[in-house]
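Step one of this worksheet: look at the structure below.
The values are calculated or read from the model by the stated rules, or taken from the named source; none is laboratory data. What you see is a predicted model, and the numbers here were worked out from it, not measured in a lab. Here the Cβ positions follow ideal geometry from the backbone for every residue, glycine too, while neighbour counts run over all protein chains shown.
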Amino acid sequence: MSNKGVRWAFNLSKWEPSHADMLLATSCVQVEEKERLGKFVFKNDFKASLIGRLLMRKYVNETTGLKYDEIRFGRDEKGKPFLINSPSHISYNVSHQGGYTVLAGCGTGGLLGVDVVKVQFPRGKTLNEYFRTMSRIFSGVEWEKIRSQGSETSQLAMFFRHWCLKESYLKAVGVGVTINLQDVCFKINSDVLSKDRLVDDTEVYFRGEKLDWEFQEMLLDEEHCVAVASESNTGEKILFKEIDFHEVMKNAVSLLDPDENYCTSFFNKCDKI
Ligand code: COA
Ligand code: MG
């Protein structure tokens, strides 16, 4: 058992599951989650969400010592997963977008949220048109920072970085998007993100008042940025580490019987392009 924090990043584009992989993986989620996953139209959405469930189970198993197949997750009224079987002295959160599913965990509790975002140009819109449709998400200060970047590519990267930060905070506090998004305002002090270094000097303000939260940001690759929001500053600085399917399934124990028909229906789905 360990109470160290973790940062795992699963690269979905590197995972082409075999039938046997899928049989095992889908037998390691709770029945209601298996049912939810089954409703995904696209293969990549199914895989992204499935890996998130498996990462949570691995994290709780390794951190609390609870038996793999005895761990029970519920969801609160906003859909945020929580551990039913034990008082929560750990915090963790999952996010999936583009080519990655990530999990951030903290062994000492406190609110924690993570978000991964794929930086991509909007389809069928100019950058100005796109930003106009998103105007209400960010405050004047945030827009100024985004617009102050030179090229359109840099503006887009700064836009998604703010998005990622805001989501990580909202996911940590669990309010979803039910609050006025402009009330939560980020002040970015280091303009450049990279793959091998954490940026942790971003500040957050709520209605003008500085909050005592820590944000750790980095790139997973040139197209994906990730942010972890934590209420408690543990002093731990952890870079995201890539984890593969073999590692995800290490020590996994089936909860459900293998389901051939269910797996066949997964392989009959198509990929969202
Ligand atoms: N709070 C925290 N975590 C939650 C959650 C909640 N209310 N609901 C679900 N999660 C967890 C789950 O593990 C979920 O995985 P699952 O979908 O496979 O069950 C995972 O977080 C989803 O996170 P992510 O992949 O980052 O999803 P998202 O960015 O699309 O949505 C929401 C995150 C649902 C929590 C919510 O904030 C939302 O609806 N966002 C919409 C996006 C938006 O308009 N943002 C405004 C710009 S800042
Ligand atoms: Mg997200």
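Out of curiosity, is residue 123 of a type in the set (Lys, Arg) and at pLDDT 95 or above?
no
Quick check on residue 265: is it surrounded by 13 or more Cβ atoms within 10 Å (Cβ to Cβ) and either of a type in the set (S, T, N, Q) or in contact with a Ser or Thr (Cβ under 6 Å, 6 or more places away or on another chain) (or both)?
no
Would you mind finding the one in 90, 71, 51, 84 that is within 15 Å of ligand 2 (Cβ to nearest atom) and not hydroxyl-bearing (Ser, Thr, Tyr)?
Just one listed residue meets the conditions, 51.
Looking for something aromatic (Phe, Trp, Tyr), buried (at least 17 other Cβ atoms within 10 Å of the Cβ), in contact (Cβ under 8 Å) with a residue 24 or more places away in the chain and not in a strand (DSSP E or B) - is there at least one such residue anywhere in the range 208-225?
Yes, the range 208-225 contains a residue that is aromatic (Phe, Trp, Tyr), buried (at least 17 other Cβ atoms within 10 Å of the Cβ), in contact (Cβ under 8 Å) with a residue 24 or more places away in the chain and not in a strand (DSSP E or B).
With the range 120-175 as the region, which helices (runs of 4 or more DSSP H) entirely inside it contain at least 1 residues that are of a type in the set (Lys, Arg) and surrounded by fewer than 20 Cβ atoms within 10 Å (Cβ to Cβ)?
Those helices (runs of 4 or more DSSP H) span 127-133, 140-147.
Could you grab the pairs with beta carbons closer than 7 Å, sequence gap of 6+ or different chains, first residue in the range 26-41 and on the phi > 0 side of the Ramachandran plot and assigned to a loop (DSSP other than H, G, I, E, B), second one within 10 Å of ligand 1 (Cβ to nearest atom) and of a type outside the set (A, V, I, L, M)?
Here the result reads none, with nothing in the range 26-41 linked to a residue that is within 10 Å of ligand 1 (Cβ to nearest atom) and of a type outside the set (A, V, I, L, M).
With respect to residue 210, is the statement that it is of a type in the set (Lys, Arg) and either in contact with a His (Cβ under 7 Å, 6 or more places away or on another chain) or modelled with pLDDT under 95 (or both) true?
no
Just name the residue that is farthest from residue 109 (Cα to Cα) out of those in the range 35-49 that are surrounded by 16 or more Cβ atoms within 10 Å (Cβ to Cβ) and touching a Lys or Arg at 6+ places or on another chain (Cβ under 9 Å).
The qualifying residue farthest from residue 109 (Cα to Cα) is 43.
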